[in-house]
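Asker: Can you read through this structure? Questions will come right after.
The values are calculated or read from the model by the stated rules, or taken from the named source; none is laboratory data. Keep in mind that what you see is a predicted model, and the values were worked out from it rather than measured. Glycine gets a Cβ as well: all are built from the backbone with ideal geometry, and neighbour counts include every protein chain shown. The accessibility values were calculated without ligands, DNA or RNA, using every heavy atom of the protein model including side chains. Shrake-Rupley method; radii C 1.70, N 1.55, O 1.52, S 1.80 Å.
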Amino acid sequence: MGLNSYSQPARRAAIPQNYQWPKQGQWTYEDYCRLPDDGWIYEVLEGELYMSPAPLTRHQRCKIRLAHALYAFAQKHEAGEVLDAPLDVMLPGLATPVQPDIIFVVKSRADIVKEERIEGVPDLMVEVLSPWNWIVDRHKKFAVYAKAGVREYWIVDPQGRTIELFVLKKGAFELVGKYGVGKTVRSKVLKGFVAAVKEVCPA
């Protein structure tokens with residue numbers, strides 16, 4: 001399926017009369033576009049629908065702090081573009097869509113950033129764990145992001161105040177390190193970008 005195949009429909013499409021919601025494993029982007037705008041976070045991974053409530057304030061603090069640091073880096077070095085959820089990311093054949101907490105697309109691949117969504121594989125993705133979705137982030141998304149070819153994946157744990165850094169090697173994620181308060185995380189994909197755990201994950 002080519003990237004251009006996602007140009008329609010626009011979110012939120014009308015629900016036809018007598019519409020039957022699909023079974024798990026059969027969800028499409030068209031089905032996703034008919035979901036209500038009710039405050040829940042919806043994602044479709046390999047045809048299966050996942051949903052979670054709005055994140056907690058601790059989650060948002062971590063996300064904003066790390067996104068701000070990435071944005072400052074991107075601006076200073078003209079390295080690319082930083083975006084955050086809610087934003088649809090289409091990973092052809094795998095996610096239609098997924099909504100990572102933070103997305104980084106390097107400058108040379110800026111063409112995958114469209115007006116309504118990202119249509120392709122970002123270079124770096126970040127998920128900030130919540131009590132109700134940590135299993136998905138650590139397992140389902142972990143596997144899907146690796147299959148898609150995401151070059152670097154960060155898992156931020158606000159409660160434990162840790163950041164795990166994974167890089168893609170031979171089609172699978174390899175743990176570079178798990179960093180706690182007092183440690184600094186150094187990106188492998190974004191050369192020169194560093195983040196202090198205590199600054200990203202406040203007490």
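Asker: Of all residues in the stretch 21-65, count the ones that are in contact (Cβ under 8 Å) with a residue 24 or more places away in the chain, among the aromatic types (Phe, Trp, Tyr) and either more than 27 Å from Ile155 (Cα to Cα) or open to solvent by 70 Å² or more (accessible area, probe 1.4 Å) (or both).
Answerer: Going through the stretch 21-65 one residue at a time, the tally reaches 0.
Asker: For the stretch 94-107, check the following and say yes or no: at least one residue is part of a helix (DSSP H, G or I) and farther than 30 Å from Gln26 by Cβ.
Answerer: Initial filter on the stretch 94-107 (part of a helix (DSSP H, G or I)): 107.
Narrowing further to those that are farther than 30 Å from Gln26 by Cβ: 107.
Yes, the stretch 94-107 contains a residue that is part of a helix (DSSP H, G or I) and farther than 30 Å from Gln26 by Cβ.
Asker: What is the one condition in (1) touching a Leu at 6+ places or on another chain (Cβ under 8 Å); (2) open to solvent by 10 Å² or more (accessible area, probe 1.4 Å); (3) outside any loop (DSSP other than H, G, I, E, B); (4) aliphatic (A, V, I, L, M) that Val121 does not satisfy?
Answerer: Result: Val121 fails condition (3) only.
Asker: So in the stretch 41-54, with the set limited to residues that are closer than 17 Å to Ile135 by Cβ and in a loop (DSSP other than H, G, I, E, B), which one is modelled with the lowest pLDDT?
Answerer: Ranking the qualifying residues of the stretch 41-54, first place goes to Pro53.
Asker: So is Asp84 open to solvent by 70 Å² or more (accessible area, probe 1.4 Å), out of contact with any His (no Cβ under 9 Å at 6 or more places or on another chain) and at pLDDT 95 or above or not?
Answerer: Details: open to solvent by 70 Å² or more (accessible area, probe 1.4 Å): no; out of contact with any His (no Cβ under 9 Å at 6 or more places or on another chain): yes; at pLDDT 95 or above: yes.
No.
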